[in-house]
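Single-structure report; data block below.
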Amino acid sequence: MAWAPDEETHQLIWHLALQNAFEYEGKGAVGSVIGRIMSTRSDLRQHGGQISPLVAQSVQKANNLAQEQGLEHIESILASDAPHLLEGRKKQEKREGLPELKNLEDTKPVFRFAPNPNGPLSFGHARGIVINGSYAEEHKGTLILRFDDTDTTVKPPELAAYDLIPQEVEWLLGRPADRIVVASDRIPVYYEHAEKMLRNKFGYVCKCTAEAFRQFRESKTNCPCRDKSVEENLSDWNKMLDGTYKPGDAVVRVKTDMTLKNPALRDWPALRMQDTVANPHPRPNIRSKYKVWPLLDFQSAVEDHLQGVTHIIRGKDLMDSTRKQTLLYEHFGWSYPETIYWGRVKVHEWGGFSTSKMRASIENGEYSGWDDPRLPTIQGLQARGIQADALRNFWIELAVTQKDISVPLATLFSHNTKKIDDDAPRLSFIRDPVEVEILGDVPSEIELPIHPNHSDKGTRTISLNPPNVFIESEDARGSYRLKEFADIDEDGNIESVERSDKRPIIHWTSTTTSEHSTLLIPNQEEIEYISGRVESNDYSAGTIVQLERIGYAIVTNEGFLLMHE
């Protein structure tokens, strides 16, 4: 039986939404409320998918209540129903931007966003771009875009990604990265540091099999390779470089301590051999040029130091990487960058998407391409009409916390609505249309505003000659009000031009000033196509409109793609 929240849970969500709205003057944040709920009720963490949309609805309702009836009203509700939530609480001025950085000192900070170019960027990548890019801009620092492209087997790079990713970064930030570094161009630099490890006796070439070394690691004993001389290690290193050894024969390891409590830190591998004949690098200048390649923890550590990175912001799942790299830095006598961690953010409507899974789904025809609006890629979000500002504000609102958070797509959509609403002209799209003749004193045409809140945008002319209109079939019963026109009775007669009662307000379009069109609704499994009649217009592809009573949509060559409500 599916889990459903009980009344106590509903009340908790509502009261915490009210508390957040009160503290931040009607600008409560979904992510903040979810964090408080999960810290208050750990038993709810497993039900994040069901909790998140309830929180989004409650936060919106609480914010609306604060704006319409004032903060005093919110305070009175809490004082009556949940006074403990007011204890020590006061209205706060919400901090604009991200939390303060530590260890800024006198130098300008340097950040890096380091994707594997094995495909276009995704919604998750946007977090790294936004957080690092925003900090760099705020502190007049540097943002490095670094391609960590030294894996040609498990996650082979895609050539097109090298051009596409910088464009996506620039779209999202509104400016390009300050510097671009490509790891595969710098293999000789990593070789220099590998040789330095061998010469200074804090690295060695290990020829043990993976299974044999696993047993040494588990038993906390040194492998025989660890005590080789510098000369032996350099000889083995040259055999790796010239291809005498083959993939799997040897790896270069960083000497740490085989008795360390964390097994992952015990003599971890830094460089290995790859078969770049069978799996050549996609870049024409690289291809099969190198036989030895650095592993990510080594390559990234060396590059961070050489590029002067001062702050690393990464997932808490990479804490072991920090520990490994810190040990390497100690060997080289370097100071490790300030490191900040964040937890996972899950948008439950999307489930689990990885670049490799998305590529496979595209290749088998499940999706049309990386720009399919159902996919959580930057291209897919752009196709769906999501604005760069909305994505930036979404991630900045969630900020940097080690808590795992589950949020609904509604949170992103609410940010997007704020960015597009003022510029989105209104149109009527009639699904399952029914033709109705309007009786009485019907004008030959009427003028409706292009935007209800911005008279400067002008009007649109609707012809009522003949006086026939299309309405949706589910609206064609009883009396109703044709929006911004007239009250109509059940027989189609005009009863009043002014609104006379609380009958439902419906959208409509005339038979003369409308045309056939299609509404595309992207769902997780498919894109639903709905035929109907749309108010005549000359908006070009890419224009964002609001379809009355349906939602925001982007004009496409096929019709209108529903972005969100």
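Every read-out reported here was derived from the displayed coordinates using simple, explicitly stated rules and does not represent laboratory data. These figures come from a predicted structure and were not determined experimentally. Counting neighbours? That spans all protein chains shown, and the Cβs are built from the backbone with ideal geometry, glycine included.
Coupling constants for the stretch 383-388 follow from the phi torsions by the Karplus curve (6.51 cos²θ - 1.76 cosθ + 1.60, θ = phi - 60°), and in residue order they are 5, 8, x, 6, 8, 4 Hz; glycine and proline get x. The string of couplings for the stretch 514-523 from the Karplus curve (6.51, -1.76, 1.60, θ = phi - 60°) is 7, 8, 5, 7, 10, 9, 9, 10, x, 10 Hz, one whole number per residue in order, with x for Gly and Pro. Please give the Cα centre distance for the stretch 401-446 versus the stretch 464-536, rounded to the nearest Å. The distance from the Cα centre of the stretch 401-446 to that of the stretch 464-536 comes to 14 Å. In summary, the aspartates and glutamates within cross-link reach of residue 324, defined as a Cα separation below 16 angstrom excluding same-chain residues under 8 places away, comprise 257, 267, 297, 303, 304, 338. For residue 147, the amide hydrogen comes within under 5 Å of the amide hydrogens of 181, 182, 183, counting only partners 5 or more places away or on other chains and with H modelled in the peptide plane. Candidates 229, 213, 273 compared by Cα position along the dipole of the stretch 177-279: farthest toward the positive end lies 213, with charges placed on Cβ. Considering only beta bridges that DSSP places wholly inside the stretch 411-509, some 85 percent are antiparallel. The ranking of 52, 80, 300 from fewest to most other beta carbons within 10 Å of each one's beta carbon is 80, 300, 52. Each part reduced to its alpha carbon centroid, the stretch 7-29 and the stretch 31-67 end up 8 Å apart. Would you mind classifying the stretch 187-296 by shape? Square roots of the alpha carbon gyration tensor eigenvalues, ordered a ≥ b ≥ c; an a/c under 1.5 is rounded, otherwise it is prolate if a/b is larger than b/c and oblate if not. Cα axes put the stretch 187-296 in the prolate bin.
If you bin all the Cα-Cα distances of the stretch 424-565 at 5 Å, starting from zero, the percentages per bin are 2, 10, 19, 22, 20, 14, 8, 4, 1, 0. Working from the Cα coordinates of the stretch 7-86, the gyration tensor eigenvalues give, after taking √(5λ), semi-axes of 21, 13, 10 Å in decreasing order. The charge dipole of the chain, taken about its Cα centre with unit charges on the Cβ of Lys, Arg, Asp and Glu (plus for the first two, minus for the last two), comes to roughly 3660 debye.
Among 484, 437, sorting on how many other beta-carbon atoms sit within 10 Å of each Cβ, with the fewest leading, yields 437, 484.
log₁₀ I(q)/I(0) of the chain at q = 0.11 Å⁻¹, via Debye over equal Cα point scatterers, no solvent, to two decimals? Computed log10 I(q)/I(0) values: -1.13. Among beta bridges from DSSP that stay inside the stretch 321-477, the antiparallel ones total about 75%. Arranged from fewest to most other beta-carbon atoms within 10 Å of their beta carbon, 508, 350 become 350, 508.
Considering the options 545, 478, 119, tell which one lies farthest towards the positive end of the dipole of the chain, charges being +1 on Lys and Arg and -1 on Asp and Glu at the Cβ, about the Cα centre. Of the listed residues, the answer is 119. Of the residues 334, 135, 453, the one whose Cα sits farthest toward the positive end of the charge dipole of the chain, with +1 on the Cβ of Lys and Arg and -1 on the Cβ of Asp and Glu, is 334.
Computed from point charges on the beta carbon alone (+1 for Lys and Arg, -1 for Asp and Glu), the dipole magnitude for the stretch 94-154 about its Cα centre is near 180 Debye. Phi angles of the stretch 300-305 translate, via the Karplus equation with coefficients 6.51, -1.76, 1.60 and θ = phi - 60°, into HN-Hα couplings of 5, 5, 5, 5, 4, 5 Hz per residue; Gly and Pro are given as x. Going through the cross-link list 102/403; 102/316; 108/261; 102/261; 255/403, which pairs have a Cα-Cα distance over 27 Å in this structure? Going by Cα-Cα distance, 108/261; 102/261; 255/403 fall outside the 27 Å limit. Need the list of lysines near residue 457 for cross-linking: C-alpha distance under 24 angstrom, and skip anything on the same chain fewer than eight residues off. Result set, ordered by chain and number: 418, 419, 483. With both partners inside the chain, how many of the DSSP beta bridges are antiparallel, as a percent to the nearest 5? About 70 percent, rounded to the nearest 5. A straight Cα-to-Cα reach below 22 Å connects residue 357 with the lysines 155, 346, residues fewer than 8 places away in its own chain not being considered. Our helix-only sum for the chain, with -39,500 (n - 2.57) per DSSP H run of n ≥ 4 divided by its residues, gives a mean residue ellipticity at 222 nm of -10500 deg cm²/dmol.
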